[in-house]
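Okay, structure first, notes after.
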Amino acid sequence: MDTSRRDFLTGAATVAGIAASGDVAHAEDHHQELPSDVALRVKSLESLLVEKGIVDSAALDALVDAYEHKIGPRNGARVVARAWVDPAYKQRLLANGTAAIAELGYGGSNGVDLRVLENSATVHNLVVCTLCSCYIWAILGLPPVWYKSAPYRSRAIIDPRGVLSEFGTVLPENVEVRVWDSTAEQRYLVLPEPPAGTEGLSEEALAALVTRDAMIGVAKVTPPQTGGRG
Amino acid sequence: MNGIHDMGGMQDMGPIKYENNEPVFHATWEGRVYAMSAAVTATRKLRLGLRPPIENLSAAEYLRMTYYELWLTSLTERLVASGLVTRAELESGRAAPGSTKAAVAVSPAGAVAAIFQVPARREESVTPRFQAGQPVRARNINPVTHTRLPRYARGRVGTIYRDHGVFGFMDTNAYGLSDKPQHLYSVRFSARELWGEQAAPQDSVFVDLYDDHLEHA
């Protein structure tokens, strides 16, 4: 990265506001380091909305902080681990996901409508939003880029076994695959199977094994020694 | 609309690109776009849903833009369509001289609380048109407006798996038009009904569809 170029662009950003000179537009190629055209447009929009009393910058900070530090897959993992160790909780979770996650402090009274889908040795559930990016934000946070991308959205619905194998999840032929297309305001969470050999683990240790990918249904939860991704 | 966003079943979109240890936002501006959208939505002053402006983009633009670029486009279109800002203000980055301050901004606590308030379920009592176990056909409709009935399901026969209850109808309320509260169902289609013999016989696809999307089969 060329410092004088960065200084030039920062200066240009300050002076010209959202002006997109050829150089600034080119900065999209280096968006980690340079204020890109889109970053400048966003800054300009925020200052306009603050000036007009439509948003409060502190509220934006709070929202970003909530997703970066409070709402995320660790919350979903806690729900899954509780269901693994507490059969009565699991029953309540499968019967009424919304109420059961509220027991652990997630969601809200006027919150998301959640259905929980249980994976087993014979049934494998997989969640997709073919039209956009619906996802159980309340306990998984914001979806990863691949979940919102054209390759996943287009193929998960027609070739779930092929997509699963790209994630390293190869299912026996006799397993029943159920793909759930989140086309409306009903949200879905996959309850993965507990991995073998973890019977003695504490709820906290189990929660640490549960991945975001397993709660979307593209992966299984693996025992601690083999690791996993996501 | 039969747009590129309705991509379920397409096959030439390339490999899934997986990122290890993916950050919540890849750049500061992405977080600001997300947060502005959420905070403006929480004012309840928007008269247009998130998706219609995105679905109105050309296919080439839609595929070129990143997710939060799509959101930014949608946010500016929604602000203008809802009378909250003008295009001249968007271009200048300043409030028009003499324009009144809206004073509708929600507080930090209110904005975060709104994450969990998704007012989609309705309290109205509406008679369901279908019952669990009943065969249904997804209607063959091709509106040029927003719809939650994906193309791959249209004309196909499935079974009502579950009645989710009464929800606002997003095909119309995305435009601030009639909310048309009605039952939303999980409809189960066999994978072979949708994709033919290439699909495994025991596999199925569940789609959430409203009364207005369905007819008796």
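The values are calculated or read from the model by the stated rules, or taken from the named source; none is laboratory data. No experiment lies behind these values; they were computed from the predicted model shown. Note that we place each Cβ from the backbone using ideal geometry, even for glycine, and neighbour counts take in every protein chain shown. In case anyone asks, the SASA skips ligands and DNA or RNA and just uses the protein heavy atoms, side chains included. Shrake-Rupley method; radii C 1.70, N 1.55, O 1.52, S 1.80 Å.
Structure notes:
Here's the yes/no breakdown for (1) in contact with a strand residue (DSSP E or B) (Cβ under 8 Å, 6 or more places away or on another chain); (2) open to solvent by 40 Å² or more (accessible area, probe 1.4 Å); (3) touching a residue at least 40 places away in the same chain (Cβ under 8 Å):
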site: B:VAL80; (1), (2), (3): no, no, no
site: B:LEU84; (1), (2), (3): no, no, yes
site: B:ALA88; (1), (2), (3): no, yes, no
site: B:GLU91; (1), (2), (3): no, yes, no
site: B:LYS101; (1), (2), (3): no, yes, no
site: B:PRO108; (1), (2), (3): no, yes, no
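- Residue check for B:ALA138: touching a Leu at 6+ places or on another chain (Cβ under 8 Å), farther than 30 Å from B:ALA81 by Cα and either open to solvent by 10 Å² or more (accessible area, probe 1.4 Å) or more than 8 Å from chain A (Cβ to nearest Cβ) (or both): yes
- Residue list for the range B:174-217, filter: on the phi > 0 side of the Ramachandran plot and assigned to a helix (DSSP H, G or I): B:GLY196
- Residues of the range B:141-163 satisfying the condition of being part of a loop (DSSP other than H, G, I, E, B) and either on the phi > 0 side of the Ramachandran plot or open to solvent by less than 20 Å² (accessible area, probe 1.4 Å) (or both): B:HIS146, B:THR147, B:ARG148, B:LEU149, B:PRO150, B:GLY155
- Scanning the range B:100-113 for residues being over 29 Å from A:ALA138 (Cβ atoms) and more than 7 Å from every other protein chain (Cβ to nearest Cβ) gives a total of 1.
- Residue within the range B:114-123 that is in a loop (DSSP other than H, G, I, E, B) and modelled with pLDDT of 95 or more present: no
- The helices (runs of 4 or more DSSP H) located wholly in the range B:1-86 that include 3 or more residues which are modelled with pLDDT of 95 or more, facing chain A (nearest Cβ under 9 Å) and in contact with a His (Cβ under 9 Å, 6 or more places away or on another chain) occupy B:51-55.
- Matching residues in the range B:114-135 - criterion: being within 11 Å of another protein chain (Cβ to nearest Cβ) and open to solvent by less than 80 Å² (accessible area, probe 1.4 Å): B:ALA114, B:ILE115, B:PHE116, B:VAL118, B:PRO119, B:ALA120, B:ARG122
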